[in-house]
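The values are calculated or read from the model by the stated rules, or taken from the named source; none is laboratory data. Quick caveat: nothing in here was measured; it's all calculated off a predicted structure. For neighbour counting, all protein chains shown are included, and Cβ atoms are generated from backbone atoms with ideal geometry for every residue, glycine included. These area figures cover heavy atoms from the full protein model, side chains too; ligands, DNA and RNA do not enter into them. Shrake-Rupley method; radii C 1.70, N 1.55, O 1.52, S 1.80 Å.
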Amino acid sequence: MPINIQDIKQKLDTHLGEELTIVAQAGRKKVTRRRGILTNTFPAVFVVALDQDSNNFEHASYSYTDVLTKNILLEFDDESDAE
């Protein structure tokens with residue numbers, strides 16, 4: 001598990017263009033799962049192009065801080081472990 005935001009960004013840079021599942025805490029005892037493709041990484045956020053069959057919008061952005069604080073988990077298809 002990366003321990004700082006720069007490590008998280010560098011790890012995500014290696015996964016650009018890959019499919020992933022995002023598991024986000026949506027409130028008390030509620031979790032949302034979204035599938036998509038990691039399209040861009042920026043200094044503070046990364047962008048995922050979401051699967052249009054199961055989502056109402058095309059893109060979603062998340063901050064590296066959410067990954068660091070475990071508010072969201074990223075599961076890449078080629079990895080069996082979550083970040």
Query raised in the report: Restricting the search to segment 1-54, which residues are in contact with a helix residue (DSSP H, G or I) (Cβ under 6 Å, 6 or more places away or on another chain) and hydroxyl-bearing (Ser, Thr, Tyr)?
Result: Thr41
Report summary line: Of the residues in segment 41-57, those that are within 17 Å of Leu16 (Cβ to Cβ) and either open to solvent by 70 Å² or more (accessible area, probe 1.4 Å) or touching a residue at least 60 places away in the same chain (Cβ under 8 Å) (or both) come to Phe42, Pro43
Report summary line: Selection from segment 17-40 of residues farther than 17 Å from Asn71 by Cβ and open to solvent by less than 80 Å² (accessible area, probe 1.4 Å) yields Gly17, Glu18, Gly36, Ile37, Leu38, Thr39, Asn40
Query - Within segment 10-30, considering residues that are at pLDDT below 90, in a strand (DSSP E or B) and not hydrophobic (A, V, I, L, M, F, W, C), the one farthest from the chain's Cα centre (by Cα) - result: Gly27
Query raised in the report: What are the residue pairs meeting all of these: first residue in segment 4-28, first residue on the phi < 0 side of the Ramachandran plot and among the hydroxyl-bearing types (Ser, Thr, Tyr), second residue exposed (fewer than 15 other Cβ atoms within 10 Å of the Cβ) and not in a helix (DSSP H, G or I), Cβ atoms under 7 Å, and 6 or more apart or on different chains?
Result: Thr21/Arg33
